[in-house]
Amino acid sequence: LTYAWIFNEYPTFVHQDNRRFVSQETGNLYIAKVEASDVGNYTCVVTNTVTNSRVVGPPTPLILRNDGVMGEYEPKIEVQFPETVPSAKGTTVKLECFALGK
């Protein structure tokens with residue numbers, strides 16, 4: 001499976017950069033330091049690379065709060081990989097770890 005996100009309408013896909021990341025492990029979209037230009041609808045697209053079939057989820061709106069309150073989130077580290085990761089010498093291993101909160 002591969003994961004992608006549409007921003008507002010097809011064919012505008014979210015491009016990964018220093019603020020946006022699409023996890024190919026979970027399908028989650030992460031946006032750091034949300035800006036006014038990020039406001040809109042986000043739609044997940046899951047593609048089966050074997051059959052080349054796609055499933056499109058419902059749009060999820062992202063809005064900015066006008067009161068400036070982020071909410072209180074205790075710090076949390078998210079890791080979703082096993083305790084040991086076997087790999088062959090010379091191969092690349094990618095581990096995803098996110099620090100969330102305030």
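Scanning residues 5 or more positions from Val14 or on other chains, those with amide H under 5 Å from its amide H are Trp5, Ile6, Phe7, with H placed 1.01 Å from N in the peptide plane.
Here Phe7 sits with roughly 50 square angstrom of accessible surface, probe radius 1.4 Å. Just the protein heavy atoms count here, and of the accessible area of the chain at 1.4 Å, carbon and sulfur take up 56 percent.
What the Cβ-Cβ distance of Lys76 and Tyr10 gives, at R0 = 30 Å and to the nearest 0.05, is a FRET efficiency of 0.35. Sequentially through segment 88-99, phi angles give Karplus couplings (6.51, -1.76, 1.60; θ = phi - 60°) of 7, 4, x, 8, 9, 10, 10, 10, 9, 9, 10, 9 Hz, Gly and Pro residues having no value and appearing as x.
Quick one: compute the contact order of the chain, relative version, from alpha carbon pairs under 8 angstrom and 6+ residues apart, as a percent.
Details: 137 pairs, mean separation 22.1, N = 102.
That works out to 22 percent.
Taking a ≥ b ≥ c as the square roots of the eigenvalues of the Cα gyration tensor, the chain is classed as oblate, since a/c reaches at least 1.5 and a/b does not exceed b/c.
The values are calculated or read from the model by the stated rules, or taken from the named source; none is laboratory data. For clarity, every value in this text was computed on a predicted model and none was experimentally measured. Reconstructed Cβ throughout: ideal geometry from the backbone, glycine too, with neighbour counts over all protein chains shown. These accessible areas exclude ligands, DNA and RNA; they are computed on the full protein's heavy atoms, side chains included. Shrake-Rupley method; radii C 1.70, N 1.55, O 1.52, S 1.80 Å.
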